[in-house]
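Here the structure is laid out as structure tokens; the discussion comes afterwards.
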Amino acid sequence: MIDLQIAWMLLETLLPTEIAVPAANVVGALTGDAITTAVGVDPFSSLTSSLDVGFAQAEAISTEETDGGFWASVSDALVWTRDTVRDVMMPVGVVALGISLILACTLAWLLNLVALPGNWLAIALMALYAWLGPETGRWQLGLVSLAIAFLLGLVGELVEFLAGAMGASRAGASRRATLMAIVGSIIGAIVGGIVGLPIPVVGPVLAAILFGGLGATAGAMYAEWNDGKTWRDSWRIGQAAFWGRTTGTVGKMVAGLLVLVVCVIGVLF
């Protein structure tokens, strides 16, 4: 094939145009036939097909990089953050981190006494520890423990909701009375936690529950009395607020205590 091309170039250079053009056509035809016969495929069509395939693959790769670029960057950033925090925390010691988690969850559990979402705060701390903490070993907190704690948190919220539905609202309390019952329960729980009861260990907790119920009663009665209701009606609504608040708090505290137990077992055992 190369010899034919060289011959065509010589003919085009040496011969006149009238002779060179037919000769070039003949040589070109022979060259094309030789290539087609030797390869079995038109070389130009093969080259075009290869280029089309290459462009298609390049476009597919570019599309994949564009689609996954953002989430890949987010994933890399999260992994980098986790590794960096681990490098900072690990010198403190895995034991200290585990004990700190248990203490933090205990404080979060006590927040339920003042109508704050202590259970969910404890669950969030457990999730953070499971992500940043050790992946293997005795101090690892697995996903099973985290899932159980989440279900217990839902149970606590359900108990509190049902208790509230059977409390002041069901007794006919107005929205203002319901709001004042919540405010009164928070203030009462804080006062009860400070004053406490003469019972070792659990005295402040029991006092916070009791005073929280009394605060709910006082708030609901005050709101209903200001709305013009009689003391008897206000007292009836106040009683409903007391039992609704107390039952909801006890149920949520029990669920939170179980969350704390799951945390302790998951970390220490």
| said: So, residue 103, is that one within 13 Å of residue 260 (Cα to Cα), among the aliphatic types (A, V, I, L, M) and either exposed (fewer than 14 other Cβ atoms within 10 Å of the Cβ) or not assigned by TED's automatic domain parsing to the domain that holds residue 204 (or both) or not? | reply: yes
| request: Working carefully through the options 246, 136, find the one that is closer than 21 Å to residue 106 by Cα and of a type in the set (Val, Ile, Thr). | output: 246
| The lone exception for residue 241 - which of (1) free of Cβ contacts under 8 Å to residues at least 12 places away in the same chain; (2) in a helix (DSSP H, G or I) it fails | (1)
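Yes or no: residue 108 at pLDDT below 90 and touching a helix residue (DSSP H, G or I) at 6+ places or on another chain (Cβ under 8 Å)? Spell out how you get there, then give the answer.
Working: at pLDDT below 90: no; touching a helix residue (DSSP H, G or I) at 6+ places or on another chain (Cβ under 8 Å): yes.
No; evaluated as a whole, the condition is false for this residue.
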| query | Restricted to the stretch 115-148, and to residues that are under 30 Å from residue 242 (Cβ atoms) and either under 18 Å from the mean Cα position of the chain (by Cα) or of a type outside the set (A, V, I, L, M, F, W, C) (or both), which residue is surrounded by the most Cβ atoms within 10 Å (Cβ to Cβ)? | reply | 119
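Select, from 120, 131, the only residue that is in contact with a Lys or Arg (Cβ under 8 Å, 6 or more places away or on another chain), among the aromatic types (Phe, Trp, Tyr) and either over 19 Å from residue 269 (Cβ atoms) or in the same structural domain as residue 99 (by TED's automatic domain parsing) (or both). Talk me through it step by step, then tell me what you get.
Working: 120 fails: in contact with a Lys or Arg (Cβ under 8 Å, 6 or more places away or on another chain).
None of the others qualify; the one that does is 131.
Yes/no matrix, rows are residues, columns are (1) within 30 Å of residue 232 (Cβ to Cβ); (2) without any contact (Cβ under 8 Å) to a residue 12 or more places away in the chain; (3) in a loop (DSSP other than H, G, I, E, B):
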site: 111; (1), (2), (3): no, yes, no
site: 121; (1), (2), (3): no, no, no
site: 127; (1), (2), (3): no, no, no
site: 153; (1), (2), (3): no, no, no
site: 156; (1), (2), (3): no, no, no
site: 173; (1), (2), (3): yes, no, yes
site: 188; (1), (2), (3): yes, no, no
site: 207; (1), (2), (3): yes, no, no
| query | From the list 177, 216, 168, which residue is in contact (Cβ under 8 Å) with a residue 12 or more places away in the chain, of a type in the set (Gly, Ala, Ser), in a helix (DSSP H, G or I) and within 25 Å of residue 119 (Cα to Cα)? | reply | 216
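The values are calculated or read from the model by the stated rules, or taken from the named source; none is laboratory data. Computed from a predicted structure; not experimentally measured. Don't worry about glycine lacking a Cβ; one is built from the backbone with ideal geometry, like all the others, and counts go over all protein chains shown.
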